[in-house]
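Peer 1: For reference, the structure I am asking about is given below.
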Amino acid sequence: MGFFSNWKKNRLSQGENTKEKSLAAEQSTDWQNRLKAELAKATPQLSVWLSHILNGIEQKGDELWQRIAFLLHNLGVDENESQKFIDTFSAWLNEMDYELVDEFRSELQYHLALTLELEDEEDERDRLFLKLSEGIGKTREQLSLRIDRLLSFNNRFDDEFWDEFEEILIMADVGYTAAQELRKRLSEKIRKQKLPDSENFKELLKQELTTIFPKQPEASKQKPEIVLVVGVNGAGKTTTIAKLAHREVLLGKKVLLAAGDTFRAAAIEQLQIWSKRIGAGFYAKTHGCDPAAVAFEAFDLAEKDGYDIVFIDTAGRMQTKVGLMEELGKVVRVIQKKNSQAPHRTLLVLDATTGQNALSQTELFSKVAPVSEIVLTKLDGTAKGGVVVGIALQYDIPISFIGLGEQMDDLRPFSGADFAAALLD
């Protein structure tokens, strides 16, 4: 549960009794009456409600907080919980130095969607799908448009067709091994279904892409849940940790960030800044100290202070004679001395723009850490988004989140079905 335990989904509250309605009417002003009438007629979607709430407001201030409080009140939210949301979001805007509504409108909707537990509602799914479709536009050009050209010139499933199809996949950074596997799967299905030509080929491809992505792992019930985050420098690991932690804070969890990347300059300071911005706890030792000691002591602190989840940052490059993979292996072994089932999740952060390098990084990190999930960053604007397909087919590791921009709300849960539709439609 997030902040809003009294949330009534998809409708404006009408009050519990006539006395409450009468009291509200006496206290209402003209703008409240007008706004309440607009909200009552509006489509019950968060984005639509926000459009009415934010109409005419250009920057943060008392008027904005009054409007948000009014919305939450009419959604049946407890007054104390409503004020807690406003105080938290106001502090967040100050930390991020946001002033204008245009700068933080998307973030406001994201905060509300998570804390009101509306992220799975149709409105939010549509918003994410649109962002995903825009983000992988270049990949779609590489893959979908080339497939369209192939189908226009070759409508028979002969060797020439499959050779060119495989080349298109490789050009989109799906990878050689995955391209061959996809070719094999599709050719077998077409043969069994006895399709005479390529008219329905893209629909068949979309269906196949939807099925290749492994199911997301179930949420851990361990407390504290230890999440080890690995990846090379430059993949966006520290920022990804901040975004993931931010989500958990909005969902009402007590979060600790552990600065286990003790070798990269300013890594500790960056994580500390983010912890303050998102309202998470923070643990670090000195620059250059043993990362395994940081992980072990952070685990101790989390148990002592009742944290729900711990995100442990790790080095992406070593500045000592010790190999990176050897050091990561040590971190895992030390954590397991505290709890044999830890780390409960190991997230590998990959930069989508690196294409085939992302595949090789998956292989290398999987050898030393039990990689359970992948977070793919910088998917927006790259022509190498086909690596998503390669990872799924070649390594069978779930992709839990994708990064579609720089803002905190641009890290979203991954959906294989949405990805396939955005890639080919």
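Peer 1: Spot the failing condition for V294; the list is (1) open to solvent by less than 20 Å² (accessible area, probe 1.4 Å); (2) more than 25 Å from E107 (Cα to Cα); (3) in contact (Cβ under 8 Å) with a residue 40 or more places away in the chain, and only one is missed.
Peer 2: Here V294 meets the rest and fails (3).
Peer 1: For the list (1) more than 18 Å from G405 (Cα to Cα); (2) open to solvent by less than 30 Å² (accessible area, probe 1.4 Å), I need the number of the one condition that E124 fails.
Peer 2: Unmet condition: (1).
Peer 1: Only one residue in L404, L423 is touching an Asp or Glu at 6+ places or on another chain (Cβ under 9 Å), among the hydrophobic types (A, V, I, L, M, F, W, C) and closer than 19 Å to S133 by Cα. Which one? Reasoning before the result, please.
Peer 2: Working: L423 fails: touching an Asp or Glu at 6+ places or on another chain (Cβ under 9 Å).
Among L404, L423, only L404 is touching an Asp or Glu at 6+ places or on another chain (Cβ under 9 Å), among the hydrophobic types (A, V, I, L, M, F, W, C) and closer than 19 Å to S133 by Cα.
Peer 1: Let me ask something else. Taking region 401-424, which residues are open to solvent by less than 10 Å² (accessible area, probe 1.4 Å), in contact with a Phe, Trp or Tyr (Cβ under 9 Å, 6 or more places away or on another chain) and not charged (D, E, K, R)?
Peer 2: Hits for region 401-424 are I402, M408, L411, F419, A420, A422.
To keep it simple, each residue is scored yes or no on (1) surrounded by 21 or more Cβ atoms within 10 Å (Cβ to Cβ); (2) aliphatic (A, V, I, L, M); (3) in contact (Cβ under 8 Å) with a residue 24 or more places away in the chain.
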{"site": "E164", "(1), (2), (3)": "no, no, no"}
{"site": "Q180", "(1), (2), (3)": "no, no, no"}
{"site": "T210", "(1), (2), (3)": "no, no, yes"}
{"site": "Q222", "(1), (2), (3)": "no, no, yes"}
{"site": "A265", "(1), (2), (3)": "no, yes, no"}
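Peer 1: I've got another one for you. Consider L143 carefully, then state whether it is loosely packed, with under 13 Cβ neighbours inside 10 Å, part of a helix (DSSP H, G or I) and at pLDDT below 90. I'd like the intermediate steps shown before the answer.
Peer 2: Working: loosely packed, with under 13 Cβ neighbours inside 10 Å: no; part of a helix (DSSP H, G or I): yes; at pLDDT below 90: yes.
For L143, the condition - loosely packed, with under 13 Cβ neighbours inside 10 Å, part of a helix (DSSP H, G or I) and at pLDDT below 90 - is not met.
Peer 1: Could you check how many residues of region 355-365 are in contact (Cβ under 8 Å) with a residue 60 or more places away in the chain and not in a loop (DSSP other than H, G, I, E, B)? Working first, answer last.
Peer 2: Pass one, region 355-365, residues in contact (Cβ under 8 Å) with a residue 60 or more places away in the chain: 355-356, 359, 361, 365.
Narrowing further to those that are not in a loop (DSSP other than H, G, I, E, B): 356, 359, 361, 365.
Total satisfying the criteria: 4.
Peer 1: Scan region 273-286 residue by residue and report those that are more than 21 Å from the chain's Cα centre (by Cα) and loosely packed, with under 15 Cβ neighbours inside 10 Å.
Peer 2: Residue satisfying the conditions is T286 alone.
Peer 1: Just the residues that are surrounded by 22 or more Cβ atoms within 10 Å (Cβ to Cβ) and assigned to a helix (DSSP H, G or I), please, taken from region 366-386.
Peer 2: None - no residue of region 366-386 is surrounded by 22 or more Cβ atoms within 10 Å (Cβ to Cβ) and assigned to a helix (DSSP H, G or I), so the list stays empty.
Peer 1: Could you tell me whether I335 is open to solvent by less than 50 Å² (accessible area, probe 1.4 Å) and within 26 Å of G135 (Cα to Cα)? Even if it seems obvious, please write down each step before you answer.
Peer 2: Numbers: open to solvent by less than 50 Å² (accessible area, probe 1.4 Å): yes; within 26 Å of G135 (Cα to Cα): no.
No, not satisfied.
Peer 1: Among the residues of region 89-121, how many are open to solvent by 80 Å² or more (accessible area, probe 1.4 Å), closer than 15 Å to S47 by Cα and more than 17 Å from the chain's Cα centre (by Cα)?
Peer 2: 1
Peer 1: Quick one: how many residues across region 339-365 are small (G, A, S) and either within 24 Å of I309 (Cα to Cα) or open to solvent by 10 Å² or more (accessible area, probe 1.4 Å) (or both)?
Peer 2: Start the filter on region 339-365 by keeping residues that are small (G, A, S), which leaves 340, 342, 352, 355, 358, 360.
Now drop any that are not either within 24 Å of I309 (Cα to Cα) or open to solvent by 10 Å² or more (accessible area, probe 1.4 Å) (or both), which leaves 340, 342, 360.
Going through region 339-365 one residue at a time, the tally reaches 3.
Peer 1: If you don't mind, there's one more thing I want to ask. Got a sec? Which helices (runs of 4 or more DSSP H) wholly within region 210-327 have at least 1 residues that are within 21 Å of E406 (Cα to Cα)?
Peer 2: Working: elements: 237-250, 267-278, 291-305.
Result: 237-250, 267-278.
Peer 1: Somewhere in region 184-196, is a residue crowded, with 22+ Cβ neighbours inside 10 Å and not in a loop (DSSP other than H, G, I, E, B)?
Peer 2: Taking region 184-196 as the starting set, the residues that turn out to be crowded, with 22+ Cβ neighbours inside 10 Å are none.
For region 184-196, residues crowded, with 22+ Cβ neighbours inside 10 Å and not in a loop (DSSP other than H, G, I, E, B): absent.
Peer 1: Something else now. Scan region 336-355 and tell me whether some residue there is more than 18 Å from L257 (Cα to Cα), of a type in the set (D, E) and touching a Gly at 6+ places or on another chain (Cβ under 7 Å). Before the answer, list the steps.
Peer 2: We begin by selecting, within region 336-355, every residue more than 18 Å from L257 (Cα to Cα); these are 336-337, 339-341, 350-355.
Then drop every residue that is not of a type in the set (D, E), which leaves 351.
Still in the running and touching a Gly at 6+ places or on another chain (Cβ under 7 Å): 351.
Yes, some residue in region 336-355 is more than 18 Å from L257 (Cα to Cα), of a type in the set (D, E) and touching a Gly at 6+ places or on another chain (Cβ under 7 Å).
Peer 1: Still on this structure, I have one more. When you check Q207 against the structure, is it assigned to a helix (DSSP H, G or I), more than 14 Å from G390 (Cβ to Cβ) and of a type outside the set (S, T, Y), yes or no? Step through it out loud before you land on a result.
Peer 2: Values: assigned to a helix (DSSP H, G or I): yes; more than 14 Å from G390 (Cβ to Cβ): yes; of a type outside the set (S, T, Y): yes.
Considered against the rule, which asks whether it is assigned to a helix (DSSP H, G or I), more than 14 Å from G390 (Cβ to Cβ) and of a type outside the set (S, T, Y), Q207 comes out as yes.
Peer 1: Looking at region 356-377 only, could you name the residues that are in contact with a Gly (Cβ under 6 Å, 6 or more places away or on another chain), of a type in the set (A, V, I, L, M, F, W, C) and closer than 20 Å to F414 by Cα? Even if it seems obvious, please write down each step before you answer.
Peer 2: Residues of region 356-377 that are in contact with a Gly (Cβ under 6 Å, 6 or more places away or on another chain), as a first pass: 359, 368, 377.
In the following step, the residues that additionally are of a type in the set (A, V, I, L, M, F, W, C) were identified as 359, 368.
Hit for region 356-377 is L359, nothing else.
Peer 1: While we're looking at this one, here's another question. I309: open to solvent by less than 40 Å² (accessible area, probe 1.4 Å) and β-branched (V, I, T), yes or no? Outline the logic, then answer.
Peer 2: On the way: open to solvent by less than 40 Å² (accessible area, probe 1.4 Å): yes; β-branched (V, I, T): yes.
So I309 passes the test.
The values are calculated or read from the model by the stated rules, or taken from the named source; none is laboratory data. Nothing here was measured: the structure is a model prediction, and the numbers come from that model. Reconstructed Cβ throughout: ideal geometry from the backbone, glycine too, with neighbour counts over all protein chains shown. To get the accessible areas, we keep the full protein, side chains included, count just its heavy atoms, and leave off ligands, DNA and RNA. Shrake-Rupley method; radii C 1.70, N 1.55, O 1.52, S 1.80 Å.
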